[in-house]
1. Could you give me the ³J(HN,Hα) list for the stretch B:161-170, computed from phi with Karplus coefficients 6.51, -1.76, 1.60 and θ = phi - 60°, whole Hz, x at Gly and Pro?
2. What spacing in nm lies between the two simple spin-label points modelled at residue A:472 and residue A:677, each 7 Å away from Cα in the Cβ direction?
3. Take chain A, mark every one of the GluC sites (Glu not before Pro) that falls in a DSSP loop and has at most 16 other Cβ within 10 Å, then report the longest stretch left between them, sites excluded.
4. Hand me the GluC sites (Glu not before Pro) from the stretch B:56-141 located in a DSSP loop with no more than 16 other Cβ atoms within 10 Å, in residue order please.
5. Using Cα centres only, tell me the gap between the stretch A:212-242 and the stretch A:6-49 in whole Å.
6. May I ask you to list the residues of the stretch A:1-42 whose amide nitrogen lies under 20 Å from a point 7 Å from Cα along the Cα→beta-carbon direction of residue A:551?
7. Under the rule a/c < 1.5 gives rounded, and otherwise a/b versus b/c splits prolate from oblate, where does the stretch A:614-722 land using the Cα gyration tensor?
8. Based only on Cα atoms, what Rg/Rh ratio does the stretch A:666-806 have, Rh being taken as Kirkwood's radius?
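The numbers here are math on the coordinates, done by the rules we state, and not lab data. Being a predicted model, the structure only gives us computed values, none of them experimental. Ideal geometry is used to build each Cβ from the backbone, glycine not excepted, and the neighbour counts take in all protein chains shown.
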Amino acid sequence: MTNSWTDIKNADLVVIMGGNAAEAHPCGFKWVTEAKATRGAKLVVVDPRFTRSAAVADYYAPIRQGTDIAFLNGVMNYLIQNDKIQWDYVKAFTNASFVVKEGFTYQDGLFTGYDEQKRDYNRSTWDYEMGPDGYAVVDETLQNPRCVWNLLKQHVSVYTPELVERITGTPKDKFLKVASMMAECSAPNKTMTSMYALGWTQHSKGSQNIRCMAMIQLMLGNIGVRGGGMNALRGHSNIQGLTDLGLMSNLIPGYLTLPTEREADFNAYMSTRGFKPLRPNQMSYWQNYKKFFVSFQKTMWGPAATAENNFAYDWLPKLDVPAYDVLRAFELMDQGKMNIYFCQGFNPLQAFPNKAKLARALGKLKLLVVMDPLETETARFWENHGIYNEANPASIQTEVIQLPTTCFAEDEGSLVNSGRWLQWHWPGGSPPGEAKTDVFIMSQIHLRLKEMYRKDGGAVPEPIVNLTWNYKDPNEPTAEELAKEMNGSVLTDVLDPNDPTKKVLEAGKQLASFGLLRDDGSTAAGCWIYTGCFTEAGNMMARRDNSDPGDTGAYSKWSFSWPANRRIIYNRASCNLDGQPWDDTRKLIWWDGAKWTGFDVPDIAPTAKPRDVGPFIMNPEGVSRLFTRGMMRDGPFPVHYEPFESPVANLIAPKVRGNPVARVFKDDFAQFADTGSKEFPYAATSYRLTEHFHYWTKTNHVNSVLQPEFFVEISPELAKEKGIANAGWVRVWSKRGSVIAKAYVTKRIRPLMVDGKATHIVGIPIHWGFVGAAKKGFPANVLTPFVGDANIETPEYKAFLVNIEPTTGPVA
Amino acid sequence: MNMELSRRQFLGTAGAGVAGTTLGALGFGGVEEAYASTIKPFRLVNTTEARNTCTYCSVACGIIIYSKGSLAKGEKADITHIEGDTDHPTNRGTLCPKGAALISYVKSEQRLKYPMIRRAGSDKFERVSWNEALDKIAKAMKADRDQNLVQKNKDGVTVNRWTTTGFLAASATTNETAMCTYKVVRSTGMVVFDNQARV
């Protein structure tokens, strides 16, 4: 989230699209109710299903899954055509006026530089025209036909309300009503918030779904303000933290990136991370990259990371592909190219697409290690459960070690909520049996490896034997020790260059902010964006003062919010060019003539004069981007692409199948249903229920009683057409697998008219499996396709094709 | 509201069930005290409290865990009740159908209690000691890494990349667990590394 849950109370319009907060985030959704009750805010829901969020909305519009970009590009077109733009904001705080290079074009669904063989673009023309002064060329009058604004205007002009209806199935009048409600928020004193979740991410163009709404929010002037923002509701309790800390193939904590093998040495690595400002005076905060990176390396390898060895640059692995994401991992496993796999609190057999492929892949491992508080299907993939998991244990050679871990109630530490608050918690109970913490397990593995490499040598032992491990009890570091390490500390005294008798930084002290980090090895910080969370003043994450001066919803003394305890990021943009709030009733920060002050920590240098420095300090432009240069693989503007399995061809680019640059492995392409397939005529989508959390709660008695059994949801129209009775058994199958479920016939799902043809939707809740307290059932991922988003590889769980027929119940 | 005056002290000194009325009616002589003495103590007075966070979604509702026995005193603590934390700014004491049943997770019959091993071709899990399990894991890792670590690519660039062993991290663990996990995994050169953020 750019904002926070408690900030939603400040909104005038709440748009829930790509999520279902009332069911998936019920207690956070109460802030929507609060905004409706106290501010008279309106709620709009756009979803293929009439969800519980829709049930309390002021306006609901249906949409076919996988067509959000067509809808949102249509909204952009509406805003432009009707001049519903917050012009002062757009002109000053976005790159609308930046001139794009000659040679950049868009035609028939593709941008310049497409290579069909590689399924990739040469993105060299997707950039700004550079002037002789070394800065990007801008035209503040917006007259230049090649400025971003004019290119955008042209790009979205095709998405008329009529075309939007044909593609999305949203009736024109409903689309126009939603667009006009959003358009009202172009007034400087009206704000809209966007609440989205996996309904937007789980598509082969998920990143661009989100980008569309971010662009709309910029056009309306709603980023950086109270009651505005782009608010990813997020999933697991610490999914934000794990992302911040970079537990992903290509990341280093704090959104730094692992080197690629094209960056043979440290200088080459730093040369592409210099982030020189693209306009005069801009902060371009990533210019400090080296300070963050060196401080991270010092956390890893302490005294062994020196200026002489480039701070142990070579001890980091270098990537040969963009990332070894989960889809690539299971593809490699299926090819027999992986030997050992760890699942720490993760149940991939249920959670990843195409279960048959996953089970086959797991059976090719030598060793599978599962660390979990609960039984999982993954740990028992080799066990035969009849139709629910057909397996022949004798033929599966994978050894499985299952380690019992503590759960939330038994451990201590911090979790990051959707609003970037790091909240500390304390243990309440003793673990069951011999269960141990994950920290114990990881430490034991490390200490054993370290000892073996020290004693026996082996392949490149240095990064393992030199890993810092200065904990009081090396067998199990405490949460406090690890939190202090994340925050960072001073390693050697730093003297004042003007008065060497004075210390600027004193060795051994916790750092108070990331502004103090240095690139000479004198500071360490495990995750620079968290610096400030555990300082000499103590554990800031454990703060529990719930006062809220000004009743802003910031709660600045409750826990710690990254970065720098800032509650709303880009908050400089809550003020006009002269530094005064757009809306006096929703003040956040402001310029008092000498400095920035207010209720939140300013997201700009405190003395940076209003007209000198732009609010988007992380961007070298100093402004936000309506045109995103070459930073996304599938285009600098969003384009409507159909899902890989779609009931219709792409109306704007009939020759383009799916996202033209999404990676598809060869065998998986063969397992996609054809466009408009007669064999698989229905558009399916998967989702969660309010009573369940993924595959955990089916192990709980209470939640299993609340929702005991697998079912699918269909419309009365489809039920009638197929002769399916409510609560009767059905078989649902895709090109990858088949499931048996109870049918729930409900008016909450209706057929949509897509380009003149009725399209039926099949809804598939995800929660069942073959272990647990609930009745045995099938996970939705028996059916889903093995393909991900073109930029970050989130699988396309939300839009695929199936068939359905009545059947008899499963044999017990 | 500042939490200096903890709920525990508050209940302990003011006399449970009627705490609110007693504080609100200070100065009214002995009537309330006499009344309070007739009421048996609130059952949670005999428990210890821990402030925690709901483990499900990232709304991150504040919860209070009540236990018999005190971890702080080095005792074994058995969780008896979990409820919403009324002081928490986000959820203000409320919980959803999942959060309200959190104790059903903690006490689930599906909780794992012992390290187990399923040997190649076997149709069952068997108990194994922690030491045996951890030794086996570490030895398997070293053997695989020594054999398959890519030290240099075909152009002779040092890459120190390990792709034959992978790790899925858990996004319901703490930041501190994640920091520890990151250090251990990345120091081996492992690149097949991910968490739920991508799915």
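1. Working through the residues one at a time gives 10, 10, 10, 8, 10, x, 9, 9, 8, 9 Hz.
2. For the pair residue A:472/residue A:677, the computed spacing is 5.9 nm.
3. A:141-307
4. For GluC sites (Glu not before Pro) across the stretch B:56-141 that sit outside H, G, I, E and B with at most 16 neighbouring Cβ atoms in 10 Å, the list reads B:75, B:109.
5. 13 Å
6. Only A:4-13, A:30-42 pass the distance filter.
7. The shape class here is oblate.
8. That ratio equals 0.97.
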